[in-house]
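J.: Here it is: the structure, laid out below.
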Amino acid sequence: MKRKVVDFSKFSSIRVGGKRELFIVESIDELSKFKDFRIVGGANNLLVSPSGDLQLIQLSKEFDYINIEDQFISIGGATPNGKIFNFAKQNDISGFEFLQNLPSTLGGMVKMNAGVKEYETFNNLISITTERGYINKIDIDFGYRHTEIDGVIFEAKFQIKKGFSRELVEKFKSMRSNQPKEPSAGSTFKNPQGFSAGKLIEDVGLKGFRVGDMAFSDIHANFLVNLGGGQFSEAISLIQMAEDRVFSKFGVKLEREICIVE
Ligand SMILES: Cc1cc2nc3c(=O)[nH]c(=O)nc-3n(C[C@H](O)[C@H](O)[C@H](O)COP(=O)(O)OP(=O)(O)OC[C@H]3O[C@@H](n4cnc5c(N)ncnc54)[C@H](O)[C@@H]3O)c2cc1C
């Protein structure tokens, strides 16, 4: 089995972490060799500790593909979102417009039910394939930026609906115009029902607040940004600070969207 050493302070979108060994999985059968592991996609939603006991694995290029079969498309777990977006655009398929500027692989996008507002991955999803076999959408517990999928997603199947919308793409582009430019992992917390996580963070005085080289952005407080050499411990202390302050001031429990990998 192939393995490589990856520097997460370069590989992850938030540019935090250190060097960790990454095992490259080339077939579903190979997964049985691992016990305590975490699957890494494109590391666009991950905050990875520079040291940890979990084995980190990633799907090989074998799982980077898109196949059309009748009314469905099957997409491999390692397929980058840019490829999926372009495929949808070229083949006039709707439902993938929100992938514009949403960095991901197919696996990470399905696991997180990634999306923008009501436009999300599960809308057109039919089924997934994990090491436990083929699983229909109706048998998966999912919601806003959340799924209960506990296996590795090797493939997902989507219904083809015609009509790629350029108007929607433009709408998503303009929605991103106020996003911070510094390295981040996107939203740090999910929006609690009836609240905006960014507004809550702002209301407890943490908008623009900095610990070392990590800060809650002064443009959008729900974005934890790296201002240079940000460290894992600095990011964790800001996350905990926001959770504590928001809970004691508003009684609202912030739920993390960012995935912490120890
Ligand atoms: C600038 C920026 C903007 C963003 N905007 C948005 C947005 O608008 N909407 C949104 O939803 N997200 C957004 N994100 C977050 C991120 O893009 C998504 O969560 C994305 O789906 C993560 O995909 P990934 O492949 O990088 O997964 P990773 O970050 O590597 O992993 C995320 C989770 O998925 C799991 N995972 C990865 N691959 C698999 C697999 N094959 N099988 C099972 N589990 C797997 C990981 O273990 C982890 O729990 C943004 C991030 C950035 C940096």
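Here, each number is a calculation from the coordinates, and none is a lab measurement. The structure presented is a predicted model; accordingly, all values stated were derived computationally and were not measured. Neighbour counts are summed over all protein chains in view; Cβ atoms, including those assigned to glycine, are modelled from backbone coordinates with ideal geometry.
J.: Among all the lysines, which ones have a C-alpha under 17 Å from LYS89's C-alpha, if same-chain residues fewer than 8 places away are not counted?
T.: LYS161, LYS162, LYS171, LYS173
J.: Additional query: For ILE24 paired with LYS249, estimate the spin-label separation in nm (one decimal), with each label point 7 Å from Cα along the Cα-to-Cβ line.
T.: Label-label distance for ILE24 and LYS249, simple model: 4.7 nm.
J.: Next question, about the same structure. Quick check: net charge around LEU54, other residues with Cβ under 14 Å of its Cβ, Lys/Arg +1 and Asp/Glu -1?
T.: Net local charge, LEU54 excluded: -1.
J.: If you don't mind, there's one more thing I want to ask. With n ≥ 4 as the cut-off for DSSP H runs, can you work out [θ] at 222 nm for the chain, using -39500 (n - 2.57) per run divided by the number of residues, rounded to the nearest 500? Working shown, then result.
T.: Working: 6 runs with 56 residues, N = 262.
Helices in the chain give a 222 nm mean residue ellipticity of -6000 deg cm²/dmol.
J.: Karplus couplings for region 97-113 from phi (6.51 cos²θ - 1.76 cosθ + 1.60, θ = phi - 60°), rounded to Hz, Gly and Pro as x?
T.: Values per residue, Gly and Pro as x: 4, 5, 6, 3, 6, 10, x, 5, 10, 4, x, x, 5, 6, 4, 8, 6 Hz.
J.: A further question on this structure: Estimate the FRET efficiency between PHE72 and SER237 by the formula 1/(1 + (r/R0)^6), using the beta-carbon distance for r and 45 Å for R0, to the nearest 0.05.
T.: The calculated FRET efficiency here is 0.45.
J.: Here's something else I'd like to know. Which ³J(HN,Hα) values in Hz, rounded to whole numbers, follow from the phi angles of region 67-74 under the Karplus curve 6.51 cos²θ - 1.76 cosθ + 1.60, where θ = phi - 60° and Gly and Pro get x?
T.: Computed from phi, the couplings for region 67-74 are 10, 9, 9, 6, 8, 10, 10, 10 Hz.
J.: Cα centroids of region 152-178 and region 185-226: how far apart, whole angstrom?
T.: Cα centres, region 152-178 to region 185-226: 25 Å.
J.: Rounded to whole Å, give me the distance from the Cα center of region 62-95 to that of region 104-144.
T.: 14 Å
J.: Average projected area of the Cα convex hull of the chain, in nm²?
T.: The directionally averaged projection comes out at 13.9 nm².
J.: Still on this structure, please answer the following. Assuming R0 = 41 Å, can you tell me the calculated FRET efficiency for the pair TYR134 and VAL211, based on Cβ-Cβ distance, to the nearest 0.05?
T.: 0.35
J.: Place a +1 charge on the Cβ of each Lys and Arg in region 2-59 and a -1 charge on the Cβ of each Asp and Glu, then give the dipole magnitude about the Cα centre in debye, rounded to the nearest 20.
T.: 220 debye
J.: Within the chain, which complete DSSP H helices have Cα atoms spanning at least 18 Å along the helix axis and a mean Kyte-Doolittle hydropathy of 0.0 or higher?
T.: Helices passing the filter in the chain: 232-250.
J.: With each label point set 7 Å from Cα along the Cα-Cβ vector, what nm distance links GLN179 and LYS2?
T.: Simple spin-label model gives 2.8 nm for this pair.
J.: Oh, and also: Give me the one-decimal nm value for the distance between modelled label points at ILE126 and SER94, 7 Å along each residue's Cα-to-Cβ direction.
T.: 1.8 nm
J.: I would also like to ask the following. By the scheme Lys and Arg +1, Asp and Glu -1, what is the net charge of all other residues having a beta-carbon under 9 Å from that of ASP7? All intermediate terms of the calculation are to be shown ahead of the outcome.
T.: Working: positive: LYS10, LYS19, ARG20; negative: none.
Counting the neighbours of ASP7, the net charge comes to +3.
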